Amino acid sequence: MAENVFVSRHPLVLDRLTSLRDRATPTPAFRKLVHDLAQFLFVEAASDLELTTTQVTTPITTCGGHRLKGSIGLVPILRAGLGMAESILEMMPDAQVWHLGLCRDHRTLQPIAYYNKLNEQSKLDVVFVVDPMLATGGSAIAAIDELKKWGMGRIKFLGLIAAPEGVAAMQRQHPDVPLHLGVVDSHLNEVGYIVPGLGDAGDRQFGTRTE
């Protein structure tokens, strides 16, 4: 893997990824797994956030401490990224959330933008783009294109499961954007799904599977 591709080897991530893949995992449990995995990956991805020093008073005395420095943004790619963003917000309640709606044309496998709430006031020091699946990479690339157009600060991508094709596409188009991933799978099938993957992350989170 390239130096800016970080694939977690944490035992808690590996354990939950196995349950996430299981087709027998019901929707409520699936949502909780996405929640947990997003928090684990965010902790790893946030390890280089800037800090400022401060002083606090404990019940005993005063001591030095640290506070996070700068503004943090979350950009969930709708709709599958919503569960990840909500989970991270529990840890970072002051983070700003900017939604991007992108869906995939199942014929061309290209992203189609249908919702964008970014504006010229969206100035942030660090932006985390979150989407459970990095398949072809089209949606993530389109999202980051928009973020750079609006002059966003540092950008990182968080995904639970990726295909090597998506990783390679991101590396070509946005080599400056670190990828923080739960796992990189084998390949994409003929209709653009990750193998072995977990199926459609949006359908499984929101209970809209028809089979």
| field | Under-5 Å amide H pairs with Leu100, H placed in peptide plane, nonlocal only | value | Leu78
| request: For the chain, set up a Gaussian network in which alpha carbons nearer than 10 Å are linked by springs, and say which option among Asp176, Asp48, Asp94 fluctuates the most. | output: Asp48
| message | Taking the solvent-accessible surface of protein heavy atoms with a 1.4 Å probe, what is the per residue accessible area of the chain in Å²? | response | 51
| message | At 0.36 nm per residue, and after removing the present C-alpha to C-alpha distance, how many nm does the segment from Leu14 to Thr61 gain when stretched out fully? | response | 12.8 nm
| query | Could you give the length gained on full extension between Ala24 and Val191, defined as 0.36 nm per residue of separation minus the Cα-Cα distance, in nm? | reply | 57.9 nm
| Taking the chain as a Gaussian network, Cα atoms linked when under 10 Å apart, which of Pro196, Pro59, Pro28 shows the biggest mean-square fluctuation? | Pro59
| field | Built amide H within the under 5 Å cut-off of Lys156, gap 5+ | value | Val127, Phe128, Val129
| said: What are the ³J(HN,Hα) couplings of the range 188-197, residue after residue, when phi is run through the Karplus curve with 6.51, -1.76, 1.60 and θ = phi - 60°? Round to Hz, x for glycine and proline. | reply: 9, 7, 5, 10, x, 8, 6, 10, x, x
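The values are calculated or read from the model by the stated rules, or taken from the named source; none is laboratory data. Source: prediction; values computed, not measured. Just the protein is used for accessible areas: all its heavy atoms, side chains included, with ligands, DNA and RNA removed. Shrake-Rupley method; radii C 1.70, N 1.55, O 1.52, S 1.80 Å.
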